Amino acid sequence: MFAILIFVLLSITAQLKADHGFDVRHHLSTVTTYDVVKDIVKASANSTPDGCTPIHLNLVARHGTRSPTKKRMRDLDKLASHLEELIKDAEEQNLSLEKVPSWLWGWKSPWREKLKGGELIRNGEEEMYNLGIRIRERFPELFEEEYHSDVYPIKASQIPRASASAVAFGMGLLSEKGSLGPARQRAFAVTSESRASDIILRFHDCCGNYKVFRKRQEPAVDKLKEPVLDEITSALVSRNGLNFTRQDVAMLWFLCKQEASVLDITDQACGLFSPYEVALLEWADDLEMFILKGYGNSINYRMGVPLLEDVVQSMEQAIKAKEEKHAPGSYEKARLRFAHAETVVPFSCLLGLFLDGSEFQKIQREEPLELPPKPPQSRNWRGSTVAPFAGNNMLVLHSCPANSESKYFVQVLHNEHPILMAGCGSDFCPFEEFKEKIVAPHLKHDYNSLCTVHLEAPEQKPVASKLSQLFRWLFSMQNDDTPSSKDDL
């Protein structure tokens, strides 16, 4: 009996120590800030061989940390009202409120007075600015030329937080390269395509079949998450004495992520959840990302083929310039792109990142992968590393003239660290092998064929019915101020 008691006490002590060292900011899925995770990615052990020189760089980056969108700010206002009702109901029923956390009394959303949302915040600006400085310092031979938009094109989606990220990055990359102000800044160009036709950085917005797939799949994803939310709802009701619903818990988890990433507050909404509950909620978010944006369905990443083609084309042009000995300053040395999680996640999948060899073969055959395992099992697929705020993939093209196997190699850096490409078995892959094993299998999928929705011929309806539908549509448009961009972008 005494031995059992000692064992229980030791187990409790070990759990308390583990909980004490737990940092919720590492477990916020795609709402994780870059500085928290950029140095803990599972990196490849390979390094750049001697005699190899970088000659071109492709960057695909997500925007930096942003504030909640307008729609989600309204949701938080509704949460505040509902929390007030829950406390009032408990008081009317003469229930004990001793267990209710003090911050819940009279809580109001920190964003209640804001009229706009979704913008890049100061921390997001710093993430992108510092990324620009680090890339310039890491690859000085690529950024020694005089700036020109043809040599260093900077492209962003038409969403303001993406273009603002591109500007902050450019200010870091080109700091002390000009004559403007004390920091010796210089002007530079950021270009964007119309969001209605940008199939390189916002292919998810232009792909009709993907929209159909996502709309049909979302209810099933919600169903998969329900057991987690129900389990945690029951625990929160027991611990806090308030009659929380499943929707309340989902919103409190959203609030936790916003408080931790945007405001650096971890002892309010996040404090409601145990470390294991946080792990479950993080897994549920990662599961949703896997199914709707990642390896869960091939359309999620096949629609990103135009971006992959753009990357390969830029490398081929760099090799041609090298072979033909073009004059310095006359050809492109880096192509820098800034977009969204819906861009970075599919692009990572096209490269075969976060897979082992057998899984890579499956996606080449378009076979479904198993879902990420539930905690406490370990998994490679984590939103906090796949696509945190400012998360990025860099493809660095190297010239290796002394190599007998290939003169040109591609190295992939994920969040600035070398990472294994399962298709090559390395992070440093001969360019021709990269094209053959990783790129070519995707190129059989034409974007238009993949994404165009083929509608059946509609049955003829009376004119009055059509007019009625038109008026209903116009009325809904007048009363719908929900932004078209997805909240998780």
### Task
Can you work out which of the residues in the range 114-126 that are farther than 14 Å from M171 by Cβ and of a type in the set (A, V, I, L, M) is least open to solvent (accessible area, probe 1.4 Å)?
I121
## Note on the structure
Here the qualifying pairs (Cβ atoms under 9 Å; residues six or more apart or on different chains; first in the range 111-124 and at positive phi; second open to solvent by less than 100 Å² (accessible area, probe 1.4 Å) and assigned to a loop (DSSP other than H, G, I, E, B)) come out as G118/S67; G118/P68; G118/T69; G118/I159; G118/P483; G118/S485; G118/D487; G118/L489
### Query
Of the numbered conditions (1) at positive phi; (2) free of Cβ contacts under 8 Å to residues at least 12 places away in the same chain, Q377 satisfies every one except a single condition; which is it?
(1)
### Task
Among the residues of the range 204-217, write down those that are part of a helix (DSSP H, G or I) and open to solvent by less than 70 Å² (accessible area, probe 1.4 Å).
H204, D205, C206, G208, N209, Y210, V212, F213, R214, Q217
### Residue list for the range 424-440, restricted to those being open to solvent by 10 Å² or more (accessible area, probe 1.4 Å), at negative phi and in contact (Cβ under 8 Å) with a residue 12 or more places away in the chain
C424, S426, F428, P430, E432, E433, K435, K437
### Task
Sort through L420, L397, L355, L369 and tell me the only one that's touching a helix residue (DSSP H, G or I) at 6+ places or on another chain (Cβ under 6 Å), surrounded by 22 or more Cβ atoms within 10 Å (Cβ to Cβ) and at negative phi.
L397
### Query
Out of all the residues in the range 254-269, is one or more under 20 Å from the mean Cα position of the chain (by Cα), under 24 Å from R214 (Cα atoms) and in contact (Cβ under 8 Å) with a residue 40 or more places away in the chain?
yes
### Message
With the structure loaded, tell me whether S314 is surrounded by fewer than 17 Cβ atoms within 10 Å (Cβ to Cβ), more than 23 Å from the chain's Cα centre (by Cα) and of a type in the set (S, T, Y) or whether it fails that test.
### Response
no
### Query
Has the range 456-479 got any residue that is at pLDDT 60 or above, within 30 Å of Y301 (Cα to Cα) and outside any helix (DSSP H, G or I)?
no
### Summary
Filtering the range 378-417 for residues that are assigned to a loop (DSSP other than H, G, I, E, B) and touching a Ser or Thr at 6+ places or on another chain (Cβ under 6 Å) leaves a count of 3
### Query
Going by the structure shown, is E342 assigned to a helix (DSSP H, G or I), buried (at least 17 other Cβ atoms within 10 Å of the Cβ) and modelled with pLDDT under 95?
no
### Task
Examine the range 150-169 for a residue that is open to solvent by less than 30 Å² (accessible area, probe 1.4 Å), assigned to a loop (DSSP other than H, G, I, E, B), among the aromatic types (F, W, Y) and within 30 Å of K322 (Cα to Cα), and state whether such a residue exists.
yes
### Task
Could you grab me the full set of residues in the range 317-331 that are assigned to a helix (DSSP H, G or I) and either open to solvent by 10 Å² or more (accessible area, probe 1.4 Å) or touching a Leu at 6+ places or on another chain (Cβ under 6 Å) (or both)?
Q317, A318, I319, K320, K322, E323
### Summary
Taking the range 127-137 and keeping only residues that are touching a residue at least 40 places away in the same chain (Cβ under 8 Å) and open to solvent by 40 Å² or more (accessible area, probe 1.4 Å), one is left with Y129, N130, R134
### Query
With respect to N58, is the statement that it is open to solvent by 40 Å² or more (accessible area, probe 1.4 Å) and either at pLDDT below 95 or under 30 Å from L336 (Cα atoms) (or both) true?
no
### Residues of the range 170-190 classified as touching a residue at least 40 places away in the same chain (Cβ under 8 Å) and open to solvent by 60 Å² or more (accessible area, probe 1.4 Å), total
1
### Message
Of everything in the range 72-113, what is of a type in the set (G, A, S), under 17 Å from V262 (Cβ atoms) and assigned to a loop (DSSP other than H, G, I, E, B)? Give them in sequence order.
### Response
S109
### Query
Does any residue of the range 357-377 turn out to be in a strand (DSSP E or B) and among the polar types (S, T, N, Q)?
no
### Summary
Over the range 178-230, the set of residues under 27 Å from S149 (Cβ atoms) and among the hydroxyl-bearing types (S, T, Y) is S179, T191, S192, S194, S197
### Message
Quick check on this structure: which one of L224, L201, L142, L131 is in contact with a Ser or Thr (Cβ under 6 Å, 6 or more places away or on another chain) and either part of a helix (DSSP H, G or I) or not charged (D, E, K, R) (or both)?
### Response
L201
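The values are calculated or read from the model by the stated rules, or taken from the named source; none is laboratory data. None of these values were measured; they are calculated from a predicted model. Positions of Cβ are backbone-derived with ideal geometry, glycine not excepted, and every protein chain shown enters the neighbour counts. The accessibility values were calculated without ligands, DNA or RNA, using every heavy atom of the protein model including side chains. Shrake-Rupley method; radii C 1.70, N 1.55, O 1.52, S 1.80 Å.
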